[in-house]
1. Looking only at region 74-99, which residues are outside any strand (DSSP E or B) and of a type in the set (S, T, N, Q)?
2. Tell me which residues, restricted to region 78-102, are in contact (Cβ under 8 Å) with a residue 60 or more places away in the chain and within 12 Å of HIS124 (Cβ to Cβ).
3. Return only the number of the condition from (1) touching a residue at least 40 places away in the same chain (Cβ under 8 Å); (2) of a type in the set (S, T, N, Q); (3) loosely packed, with under 15 Cβ neighbours inside 10 Å that THR134 does not satisfy.
4. Given the criterion touching a residue at least 40 places away in the same chain (Cβ under 8 Å), assigned by TED's automatic domain parsing to the domain that holds VAL187 and crowded, with 18+ Cβ neighbours inside 10 Å, identify the matching residue among ALA28, ALA66, ALA32, ALA41.
5. Given the condition surrounded by 20 or more Cβ atoms within 10 Å (Cβ to Cβ), within 23 Å of the chain's Cα centre (by Cα) and among the polar types (S, T, N, Q), answer yes or no: does some residue in region 77-95 qualify?
6. What number of residues within region 44-54 are touching a strand residue (DSSP E or B) at 6+ places or on another chain (Cβ under 7 Å) and crowded, with 17+ Cβ neighbours inside 10 Å?
Amino acid sequence: MSLAVPLSTFFSRIRWQSDNPGTDRLTAADLAQEINNSWQALRELVSDGGHKLFLKETTGTLTAGALAGTSFGVLNMPSDCVSVYGIDVVVNGIRRPLANVEWQQRNEFFTVFGQTSGFPVGFHVYSMGEESTTSLTAGKIALMPAPDQPYAYSLWYLPTWTPIAAGNTTYVFNCLAGWDDWVVWDVTIKLAARDNDSAQTASLAMSERTKCEQRIVRRGNSIQRVGPAKRVDTAAIARRTQVTSRWRFP
């Protein structure tokens, strides 16, 4: 069962652990900023560790055809995307998950099948976006092979965290056991570094944060695993489908 931890509770616990009881050296705004940063880091840790509790789905239609000068298609990442955890493409009414493949395979489908488009079977995030004065452009995902039709798709991703203002002390963070402890120790480490850590608080805080992290990852791994990018054996696919001139989904 999850725990509702108010921002005010984080304030009091972190001030106590870091020995910063007053607001003259550490304002509520400063503390809230560090809590928000640590919470974002925790969301990434939890998601990479096996839990998929923070994911968001977006749907749309793929753009048919390959990116100019390449043999793969492109899908723009959502503007609030931190990490991509899965893409499903609807083929003949059936949702088919794409494999997270290696960048080296971007041209392999053309090499094996002699064409640049078909049913996508893999994806690879190859751009996180670029800075453009006061904003960022969308990141890019390669689709291999490039879609030959505007297939419907679903993309599952971790969205960016919207910071909670310091004055919103009753706002509750939805935590599983150990998550709030990880945030408290993570912020305490940063505060100790700011104070030159004369009491060696950072060392203790790091040890406690590591314990929390191991517990989080261990629990996540018991649910499901997040694996690295994999190679797709296109030669084996070709043999199974017995196709050389037209790409078909196996």
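1. Within region 74-99, the subset outside any strand (DSSP E or B) is 77-80, 92-93, 98.
Hits for region 74-99 are SER79, ASN92.
2. In the first step, residues of region 78-102 are kept if they are in contact (Cβ under 8 Å) with a residue 60 or more places away in the chain; the result is 78, 80-91, 96, 99-102.
Across region 78-102, the qualifying residues are VAL84, ILE87, ALA99, ASN100, VAL101, GLU102.
3. Of everything listed in (1) touching a residue at least 40 places away in the same chain (Cβ under 8 Å); (2) of a type in the set (S, T, N, Q); (3) loosely packed, with under 15 Cβ neighbours inside 10 Å, THR134 misses just condition (1).
4. Numbers: ALA28 fails: crowded, with 18+ Cβ neighbours inside 10 Å; ALA66 fails: assigned by TED's automatic domain parsing to the domain that holds VAL187; ALA41 fails: crowded, with 18+ Cβ neighbours inside 10 Å.
None of the others qualify; the one that does is ALA32.
5. No, region 77-95 contains no residue that is surrounded by 20 or more Cβ atoms within 10 Å (Cβ to Cβ), within 23 Å of the chain's Cα centre (by Cα) and among the polar types (S, T, N, Q).
6. From region 44-54, those touching a strand residue (DSSP E or B) at 6+ places or on another chain (Cβ under 7 Å) are 44, 47, 52, 54; that's our starting set.
Those left that are additionally crowded, with 17+ Cβ neighbours inside 10 Å: 47, 54.
Result for region 44-54: 2.
Conditions (1) over 18 Å from ALA205 (Cα atoms); (2) in contact with a strand residue (DSSP E or B) (Cβ under 6 Å, 6 or more places away or on another chain), marked per residue:
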position: PRO6; (1), (2): yes, yes
position: TRP16; (1), (2): no, no
position: ASP19; (1), (2): no, no
position: ALA28; (1), (2): yes, no
position: LEU42; (1), (2): no, no
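Residues are listed down the side, and each one gets a yes or a no for (1) within 19 Å of GLN40 (Cβ to Cβ); (2) at pLDDT below 95; (3) not hydrophobic (A, V, I, L, M, F, W, C):
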position	(1), (2), (3)
TRP156	yes, no, no
ILE164	yes, no, no
LEU176	yes, yes, no
VAL183	yes, no, no
LYS190	yes, yes, yes
ALA202	no, yes, no
ARG209	yes, yes, yes
GLU213	yes, yes, yes
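The values are calculated or read from the model by the stated rules, or taken from the named source; none is laboratory data. Predicted model, so just to flag it, every value in this text is computed and none were measured. A quick note on method: Cβ atoms are made from the backbone with ideal geometry, for glycine too, and the neighbour counts reach across all protein chains shown.
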